[in-house]
Amino acid sequence: MRVLCTANTGSRLTAKHFERNYASPSSEFDLETEKEYIVYGIILWKGFLLYLVLGEGMYPHWYPSELFSVTRNELPPDWYFARRREEEGYEVNAVWGYEELVNTEGHFDELSNLQKTAIDVFLERKQQIDELS
């Protein structure tokens with residue numbers, strides 16, 4: 001899946017983001033407008049759809065889908081999906097992505113916290129996804 005960055009500031013987000021303290025109108029994201037990015041995962045978190053993208057920094061981050069338009073909607077053939085329930089203590093209600101992101105306990109949190117072992121797994125999966133995209 002590929003997306004085109006249409007905005008890189010919080011001013012383009014809906015008020016719902018600000019109410020939930022996800023971002024503010026003055027937030028700046030390390031994305032380049034009019035640049036196409038490959039999506040490495042998708043989550044539904046507290047009602048927000050977020051894409052896992054390797055922005056202009058060194059590490060992958062979750063970005064609001066409102067900052068992008070979809071240019072290629074085909075998902076990699078080896079992606080997985082999991083639905084998680086709030087009543088079970090999950091803030092992330094759905095995850096689409098490579099195997100470890102969806103099926104390995106702790107990988108999601110470790111990746112979000114930029115732990116080296118999770119980054120290494122991400123980089124390996126990134127290479128595979130890039131070859132297919």
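Each value in this text was obtained by applying a stated rule to the coordinates, not by laboratory testing. Owing to the predicted nature of the structure, the values given are computational and were not obtained by experimental measurement. Neighbour counts are summed over all protein chains in view; Cβ atoms, including those assigned to glycine, are modelled from backbone coordinates with ideal geometry.
Numbers for the structure displayed
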read-out	value
Count of residues meeting criterion [in contact with an Asp or Glu (Cβ under 8 Å, 6 or more places away or on another chain), more than 27 Å from Gly10 (Cβ to Cβ) and not in a strand (DSSP E or B)] in the range 42-96	1
Pairs, first touching a residue at least 60 places away in the same chain (Cβ under 8 Å) in the range 109-123, second part of a helix (DSSP H, G or I), C-beta under 9 Å, six or more apart	Ile119/Glu110; Ile119/Leu111; Phe122/Glu100; Phe122/Leu101; Phe122/His107; Phe122/Leu111
Test: Gly47 is more than 20 Å from Pro60 (Cβ to Cβ) and in contact (Cβ under 8 Å) with a residue 12 or more places away in the chain	yes
Qualifying residue in the range 16-31 (condition: free of Cβ contacts under 8 Å to residues at least 24 places away in the same chain, within 28 Å of Tyr80 (Cα to Cα) and either among the hydrophobic types (A, V, I, L, M, F, W, C) or surrounded by fewer than 21 Cβ atoms within 10 Å (Cβ to Cβ) (or both))	no
Filter result (within 19 Å of Val53 (Cβ to Cβ) and assigned to a helix (DSSP H, G or I)) within the range 100-120	Glu100, Leu101, Val102, His107, Phe108, Asp109, Glu110, Leu111, Ser112, Ala118, Ile119, Asp120
